[in-house]
Amino acid sequence: MEQNISELQTINNRLQKESSQQKKRMEELETQLTEAQTELQKAREQSNRLGSQLKDLERTSIRQEESLRIANESLAAYEKETNRTQKRLKAQRNLAYGIGTVLLAALVRK
């Protein structure tokens, strides 16, 4: 009977030791879980901030593209107007040369 009691005490001591180790391991795992949850929350917050920044950058990009399109249209209109002006000036110059030539020829004949 004493042997049974001794055996039971040995088993009890072993089980208490295992229980204590399991409790310690469980506390470590709970700490790791809490840390992981904190990191996850930080990552979510950063993701939200980055998503917001991305949307802001996309809106800015769209505005810049629209500004570039308008600027290109303005440059094209300016180029077209400049070409018209150059053609008109060339025609006026050629007309002036023609009139000058006719007047010179008329003066030479007199």
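The values are calculated or read from the model by the stated rules, or taken from the named source; none is laboratory data. Quick caveat, the model's predicted, so the values are computed rather than measured. Note: ideal-geometry Cβ built from the backbone for every residue, glycine included; neighbour counts use all protein chains shown. Protein only, heavy atoms only, side chains kept; ligands, DNA and RNA dropped before computing areas. Shrake-Rupley method; radii C 1.70, N 1.55, O 1.52, S 1.80 Å.
Assorted remarks:
- When nucleic acids and ligands are ignored and a 1.4 Å probe is applied, Arg93 ends up with an accessible area of around 110 Å².
- Cα-based helix-to-principal-axis angle, 2-109 vs the chain, degrees rounded to 10: 0 degrees
- Environment charge at Gln32 (Cβ cut-off 11 Å; Lys +1, Arg +1, Asp -1, Glu -1): -4
- Euclidean distance between Cα centres, segment 1-16 to segment 43-81, Å: 78 Å
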